[in-house]
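Presented below is the structure to which this report refers.
The values are calculated or read from the model by the stated rules, or taken from the named source; none is laboratory data. Keep in mind the model is a prediction, meaning the values are calculated, not measured. Positions of Cβ are backbone-derived with ideal geometry, glycine not excepted, and every protein chain shown enters the neighbour counts. Ligands, DNA and RNA are excluded from the accessible area calculation, which covers all protein heavy atoms including side chains. Shrake-Rupley method; radii C 1.70, N 1.55, O 1.52, S 1.80 Å.
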Amino acid sequence: MSTPILHGFPKSTYVWTARAALSLAGIEHDFVSIMPPDHRSASHLTRHPFGKVPSLTNPALYEAAAIVRWAHEVGDASLFPADPIDAARVDGLVSCVGSYAYRAIVSGWLFAFVWAKGERDEAAYEVAQQAIREVLGVFEAQASGPWLVGDSLTAADLYLGPLLFVLLINDDGKALLAEYPKLQDLVSALQAHDAFMRVSYLNA
Ligand SMILES: N[C@@H](CCC(=O)N[C@@H](CS)C(=O)NCC(=O)O)C(=O)O
């Protein structure tokens with residue numbers, strides 16, 4: 001089989017998730033960096049019809065979930081627990097990252113405030129921080145520690161982990177994370193995981 005090629009923004013959390021799944025599974029891949037607005041180009045739309053990243057070629061797959069699932073099925077790492085209920089819990093947490101955590105941390109905090117220019121609306125910033133607390137509190141309550149489900153790394157950790165690293169960008173984010181000891185332990189466990197860190201957006 002030809003070498004898989006992953007296309008994406010170097011700093012994307014979802015790209016890190018997908019690359020981490022390949023890396024943990026022992027699937028060598030090439031990474032092709034694309035930057036906005038190229039994710040809307042005709043050539044990228046052939047790879048991802050909704051103009052998002054990540055996408056993979058060899059085999060052609062789009063959406064992080066598809067890439068993570070393929071890595072789990074064909075690679076060396078088990079990213080979903082064998083127990084059906086635990087596997088379903090992983091799916092639930094992955095869905096929560098896409099539906100709630102990404103919005104709170106990336107759209108509602110990083111883009112809206114940390115990277116935004118101009119004077120900050122402090123009341124709105126506090127609301128944004130509170131939205132992160134609401135999401136992280138749910139993950140903290142459910143986490144086994146250090147991993148989210150069970151006693152080993154799963155796809156759920158590969159999804160939430162890159163978002164937790166976003167919080168390390170400044171002191172406010174670090175203070176938020178410090179409120180959640182099990183999630184801090186998750187970050188430490190991931191920091192010690194070579195296959196995860198090797199494809200980190202921190203290296204991009
Ligand atoms: N549902 C997608 C979401 C991926 C996603 O939102 N990627 C962001 C970068 S982190 C993106 O492509 N943003 C470009 C845009 O929304 O225009 C997945 O799970 O792969």
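Residue check: residue 145 meets all listed conditions (1) on the phi < 0 side of the Ramachandran plot; (2) in contact with a helix residue (DSSP H, G or I) (Cβ under 9 Å, 6 or more places away or on another chain) but one, namely (1).
Regarding residue 155, is this residue assigned by TED's automatic domain parsing to the domain that holds residue 186 and touching a His at 6+ places or on another chain (Cβ under 8 Å)?
Working: assigned by TED's automatic domain parsing to the domain that holds residue 186: yes; touching a His at 6+ places or on another chain (Cβ under 8 Å): yes.
Here the answer is yes, as residue 155 does meet what is asked.
Among the conditions (1) touching a Ser or Thr at 6+ places or on another chain (Cβ under 7 Å); (2) in contact (Cβ under 8 Å) with a residue 40 or more places away in the chain, the only one that residue 151 does not satisfy is (2).
Can you find, within segment 29-58, the residue that is farthest from the chain's Cα centre (by Cα) among those that are within 25 Å of residue 154 (Cβ to Cβ) and open to solvent by 40 Å² or more (accessible area, probe 1.4 Å)?
Here the answer is 31.
Scanning segment 171-204 for residues that are within 26 Å of residue 54 (Cβ to Cβ), open to solvent by less than 40 Å² (accessible area, probe 1.4 Å) and modelled with pLDDT of 95 or more returns 173, 177, 183, 186, 187, 189, 190, 195, 196, 199, 200. When the residues of segment 1-28 are filtered to those that are more than 9 Å from the ligand (Cβ to nearest atom) and β-branched (Val, Ile, Thr), the one that is nearest to residue 154 (Cα to Cα) is 27. Exactly one residue out of 65, 104 is near the ligand (Cβ under 9 Å from one of its atoms), small (Gly, Ala, Ser) and in contact (Cβ under 8 Å) with a residue 24 or more places away in the chain: that is 65. Any residue in segment 169-197 that's farther than 16 Å from residue 142 by Cβ: show its pairings with residues that are in a helix (DSSP H, G or I) and of a type outside the set (A, V, I, L, M) at Cβ separation under 6 Å, as long as the two are six or more apart or on different chains. Listed pairs, sorted by first residue: 177/184; 190/161; 190/196; 195/23. Counting only helices (runs of 4 or more DSSP H) that fall entirely inside segment 61-155 and contain at least 1 residues that are open to solvent by less than 40 Å² (accessible area, probe 1.4 Å) and within 25 Å of residue 7 (Cβ to Cβ), the qualifying elements are 64-74, 84-96.
Screening residue 77 against (1) within 15 Å of the ligand (Cβ to nearest atom); (2) touching a residue at least 24 places away in the same chain (Cβ under 8 Å) leaves a single unmet condition, (1).
Residue under question is residue 18, and the condition is that it be farther than 30 Å from residue 133 by Cβ, in contact with a helix residue (DSSP H, G or I) (Cβ under 7 Å, 6 or more places away or on another chain) and either open to solvent by 30 Å² or more (accessible area, probe 1.4 Å) or not aromatic (Phe, Trp, Tyr) (or both); does it hold? No.
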